[in-house]
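Written out below as structure tokens is the structure these notes cover.
Please treat every number below as a calculation from the coordinates, not as lab data. Because the structure is a prediction, the values reported are computed rather than measured. Positions of Cβ are generated from backbone atoms using ideal geometry, with glycine treated the same way; all protein chains shown enter the neighbour counts.
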């Protein structure tokens, strides 16, 4: 690694840590620690949401997916803008009513304590897994550039991001996200530029070779359960982003932290319409890398995994200083996602568990809990990243989609029923959830190959979240139609009548 590159990385990490220390003095209460006193401008929240959406999965796994296969894993992301537009007018005003801190407080008002606890716990588990994936992925290029083993890099990166998140709270998270988003966009653009400069005919080589090897394909157009077809990826994207914009604490927390409903809407639209071009940029980078190493095959060591192609290009083809900027951009992509998820887990654990079951907890004690949970989440993130290194997979992008499908837990169905179907109560919902979770368990075992051949299905794991949510919806609706008297232990939990969705306002 060149000295100039190393200097860029050191300056970047030092700057992030310094921002955490600076904002620590502003986090004197849980309201400021989790929501920044609800005063952020829309543009800052929007860039923070963008940085969270564009993690190291985008920076390294998307180019790797395009390099190894084609653009079919981009298809789900194309569903984001229409869902985000609907959310700005329907969902945002709903969550901003009252004085909520998390996305799960509504579920207790609607269905009772048990559903709130289940949903909050599901969010924590899914977010913890994603944290480990993102940290692991960002450690790969850094380890390659420094010539070090992976584990020390995971430790350094994990400790730095846990530090500024734990001490600075949401203020540090959002403002570091703003800086990191600018850096990662610059890094992505520089990557594409330097690949094009190294090709004999520049960008025309990318389009020619990409078309020849079907690298721009969005997947097969037919319908099937065993293959990643276009229809499956569209369904997966629709369900994933509806769930994202109804139940993801990282999104809801940004809306609640905005200065007004208008600012929250601006933030969401900014994020939605900047995300798709950014994702396209990184998929195109993967195609450009495929073209480069197709023309210069001897430049890539034999056996290089897809996630290692971009790091190898950075270390061998870029001038001094530029490689450091791009690796800083890769770090920025990861850190924005990691800090958001750590703070989100801390807020859910503190509000939905500590304060829910220990209402006598004072403000000072709650702050101590919040910071301790942030540090504990950071430790789990590091341990998980180390564990992922030994898991076989096609690519990290594929592995991320499989994990997201298996650990979806029917969250989309819960919120759709809660928001739009008043007749479904606690007992009916749990009837659907029980069946959905049993099927979820079956699909997890099926994916791992742990079932006997006679009961195994030839079905791609991407279908898991779609089918689980469908089962929960259908069975919960069917149970609600019978209108039987709810057994004791369920009836008393629903203490409030369903809160209707607000009409779009002009704020």
Segment 101-135 scanned against label point 7 Å out from residue 387 along Cα→C-beta; backbone N under 18 Å for 121-135
Packing rank of 255-266, 292-303, where each peptide gets the mean count of other beta carbons within 10 Å, highest leading: 255-266, 292-303
Per-residue ellipticity at 222 nm attributable to helices in the chain (runs of n ≥ 4 DSSP H, -39500 (n - 2.57) apiece, nearest 500 deg cm²/dmol) works out to -23500 deg cm²/dmol
Is segment 81-142 best put as rounded, prolate or oblate by its Cα gyration tensor, with a ≥ b ≥ c the root eigenvalues, rounded for a/c under 1.5, and otherwise prolate when a/b is larger than b/c, oblate when not? oblate
Stretched fully, the stretch from residue 31 through residue 97 gains (0.36 nm per residue minus C-alpha distance, one decimal, in nm) 22.2 nm
Label point distance in nm, residue 317-residue 7, each placed 7 Å from Cα along Cα→Cβ: 2.6 nm
Run the paramagnetic zone check for residue 189: 7 angstrom along Cα to Cβ, then residues of segment 284-311 with backbone nitrogen under 17 Å. 284-285
Test of understanding: what is the full-extension gain from residue 197 to residue 455, defined as 0.36 nm times their sequence separation minus their Cα-Cα distance? 87.5 nm
Students often get this wrong: which residues of segment 314-343 have the backbone nitrogen under 19 Å from the point 7 angstrom along Cα-to-C-beta of residue 295? 314-319
Estimated distance in nm for a label pair at residue 230 and residue 478, the labels positioned 7 Å out from Cα along Cα-to-Cβ: 3.4 nm
If I fit a long axis through the Cα atoms of helix 150-198 and take the longest principal axis of the Cα atoms of the chain, what angle between them do I get, 0 to 90°, rounded to 10? 40 degrees
May I ask you to derive the FRET efficiency for residue 21 and residue 365 from their Cβ-Cβ distance with R0 = 35 Å, giving the value to the nearest 0.05? 0.90
Computed over the chain, Cα set: Rg, Dmax in Å: 22.8, 74
When only C-alpha pairs under 8 Å and at least 6 residues apart count, what is the relative contact order of segment 3-391, in percent? 41 percent
Specify the angular offset, from 0 to 90 degrees and rounded to the nearest 10, of the alpha carbon long axis of helix 363-388 from the longest principal axis of the alpha carbons in the chain. 50 degrees
Between the Cα axis of helix 426-448 and the main Cα principal axis of the chain, the angle (0 to 90°, nearest 10) is 30 degrees
